[in-house]
């Protein structure tokens, strides 16, 4: 099915198009990450079982001299770092912009703890301008800003001889790291306001409702099944960014947490008391005794700084001045969508 206006609204709300059969224009197609079947995942319910699953996954994937780790300042990739042989290459991203989040020092502590070869990859706005057209052609859809960083880093790793990459992606969705979304019971309207990255009606002149996506996860009691929503929407969207970037870069990737499932429901009471990812925190404490677990930070991206002076979209599909009260990440979505539409009209996506 081709429906430009529906795709525009879906992308702004969810950062991806969840249906592979739905496209902006004739002649375009895109791919969506698929969750592993239950028979191909590890069912875990304790730190010990997660430990065993990580060992099995990393040992079967690791190729000496060909495998590197993407290491952030958080606990997810730090845990994975502790299972890799000494001397393994570990890359950390750093957005070069005044006031941008810098995870490099914390990541260096993890690397030093286990003797990894640590290297920082700088990310600049020029990288986004350079790589965005290529990603738009490859993906067939506009995309989340992390794809640029992932593509640049994957290509750096491949140039250095590493075509097997290990990442901590998926831990938040599997183990209760999205404490904001898990913080309460949500009605449909509340979750639409809380989750939608950009409400389509606030940016588009002809928005299409995305309510039907949320309705799929509405329980009979009028409360959203937030855990199923996270697995069915957020986890797929997040993993799509990795799928697209690594496919374009021509590398293989292992996301061990994405190959795990909880044996029972999350202990929401613990999460809501401030113990997000409580099983991973327990494992982190074992692997890094005496080191405090850092505050959770999403993959850093300096969109606030880079879009500070952006004057907003000029295409007729957008409400003039819609960017005025947006965050940097929201501005990126509108900017990328406009770039995508321009690229199609200019014949740059074929």
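Since every read-out is calculated from the coordinates, none of them should be taken as a lab result. Only a predicted model underlies this, so the values are computations on that prediction, with no experimental measurement involved. All Cβ positions, even for glycine, are placed from backbone atoms using ideal geometry, and neighbour counts span all protein chains on display.
The table below lists the values:
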read-out	value
Estimated FRET transfer efficiency when R0 is 22 angstrom, pair residue 304-residue 122 (beta carbons, to 0.05)	0.80
Quarter of Cα convex hull surface for the range 27-152, i.e. mean projection, nm²	10.3
Viscosity 1.306 mPa s, temperature 10 °C, Stokes-Einstein D of the chain from Kirkwood C-alpha radius, µm²/s	75
Among 164-170, 101-107, the order from most to least packed when residues are scored by Cβ within 10 Å on average	164-170, 101-107
Percent antiparallel among DSSP beta bridges (both partners in the chain, rounded to 5)	10
The range 248-350: C-alpha gyration tensor shape, a/c 1.5 cut-off, then a/b vs b/c	prolate
Packing-based order for 232-241, 285-294, using average beta carbon neighbours within 10 Å, highest first	232-241, 285-294
Separation of the residue 348 and residue 319 label points, Cα + 7 Å toward Cβ, nm	2.7
Cut-off 16 Å, label 7 Å out along Cα→Cβ of residue 273, residues of the range 31-65 by amide N	none
Nearest 10 degrees, 0 to 90: helix 146-159 Cα axis against the chain principal axis	50
Shape call, the range 221-264: gyration tensor on alpha carbons, a/c limit 1.5	oblate
Length released on extending from residue 20 to residue 231, taking residue separation times 0.36 nm less the Cα-Cα span	74.2 nm
Förster-model FRET efficiency, 22 Å R0, residue 261 and residue 219, C-beta, rounded to 0.05	0.60
Contour minus Cα-Cα distance for residue 59 and residue 109 (0.36 nm per residue)	15.7 nm
Whole-angstrom gap from the range 208-266 to the range 52-123, using each part's C-alpha centre	24
Relative contact order for the range 35-301, counting Cα pairs under 8 Å that sit 6 or more residues apart, in percent	30
Highest to lowest packing among 209-217, 2-10, scored as the average C-beta count within 10 Å	2-10, 209-217
Crossing angle, helix 328-345 versus the chain [Cα axis fit, 0-90 degrees, rounded to tens]	60
Residue-averaged 222 nm ellipticity for the chain, from DSSP H runs of 4+ at -39500 (n - 2.57), nearest 500	-12000 deg cm²/dmol
With Cα atoms, 0 to 90° folded angle of helix 47-61 axis to the chain main axis	80
